[in-house]
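Read the structure below first, then the notes.
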Amino acid sequence: MSRFSAYIFLTAHILVFIKTDPLEGEQIFQADPQDFPFVVSFRQKVSETLIDTEHFCTGSLITQIHVITAAHCFEEKIESEIKAIIVGEYWIRPYVDHGIDYWLIYDSWARENGKAIELPLNDIAIAKLSSPANHERIIPVSLTNLNNKQLYGTKAMIIGWKAINEDSLTMVLMQGKVTILRPSQSEHLIKLVANRRIILTGSSLATFAEPYILGSRGDSGGPLLNNNYFLLGVTRSTCPISRWGNFSEKFINQYKINLHSNVYYYREFIENVTTVT
């Protein structure tokens, strides 16, 4: 497989996170990292030292060398400046630090393989680590075999990072309990906020919690898991749209929902990339 350009631009990136503390809500609690040995912190170098890196996105190890995440995480990023640090038993350790060989977004894969791109937004990507994550405590997550209809109404977990202020994130892994919405439910909640109808495609899963749980910066690409720890989706955004840097929204709207790219919809992409590379 060919190496793709160092810079990736998504023309259809229209859904991004609102500016709020990641995974804020009454049903958020600190996760035991031993339960999530596959969660990856994507960190960008801000100097030549390993220590000087900043977390910008989350991912999930699906093989010893492949990490699934959101495609928009790699916008305007350079492979050599990104480190992937896998969460092991005791938070983040230098001995499981890995560089990124390359990443592949869905649209690039589809074009290369002659697949029709049916949707304007396919916010999913797979990054290949420069070396396998072979530590005994690092275990890839398994993918679900359930389609959307089988998941509607079921309970799930969102995994993300705790924020200490608007400019930085700690490496404290957090989890929140959510419900996967049926299309009619998600459309109803979206209309309450946006006052218009927005129809979600089959590539998306929408989640909601009451009291609310909303993801934010740094949570992009993180896992949506069922109670058996199977990967159901990749966290993408909140909906309706609230663009990053728009300070006119002074409060969090509790009726917003979280959107996730459905891994079942993209299973051919995932299986092909992880088998060939």
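The values are calculated or read from the model by the stated rules, or taken from the named source; none is laboratory data. Bear in mind that the values here come from a model prediction, so they are computed numbers and not experimental data. As a convention, Cβ positions derive from the backbone with ideal geometry for all residues, glycine included, and neighbour counts pool all protein chains shown. Areas reflect the complete protein model, heavy atoms only, side chains present, ligands, DNA and RNA absent. Shrake-Rupley method; radii C 1.70, N 1.55, O 1.52, S 1.80 Å.
Annotations
- Qualifying residue in segment 195-206 (condition: under 16 Å from L232 (Cα atoms) and of a type in the set (A, V, I, L, M)): yes
- Note on segment 155-184: among residues that are polar (S, T, N, Q) and open to solvent by 50 Å² or more (accessible area, probe 1.4 Å), the one that is modelled with the highest pLDDT is S184.
- The set of residues in segment 185-209 that are touching a Gly at 6+ places or on another chain (Cβ under 9 Å) and within 18 Å of I28 (Cα to Cα) comprises T207, A209.
- Any hit, segment 82-90, residues being at pLDDT 80 or above, in a loop (DSSP other than H, G, I, E, B) and either open to solvent by less than 10 Å² (accessible area, probe 1.4 Å) or farther than 13 Å from S220 by Cβ (or both): no
- Checking each residue in segment 175-193 for being of a type in the set (A, V, I, L, M) and in a loop (DSSP other than H, G, I, E, B) picks out only L181.
- Matching residues in segment 42-63 - criterion: being at pLDDT below 70 and either hydroxyl-bearing (S, T, Y) or within 15 Å of E75 (Cα to Cα) (or both): S47, T49
- Residues that are open to solvent by less than 10 Å² (accessible area, probe 1.4 Å), assigned to a strand (DSSP E or B) and either of a type in the set (D, E, K, R) or modelled with pLDDT of 90 or more (or both) occur at least once in segment 109-125.
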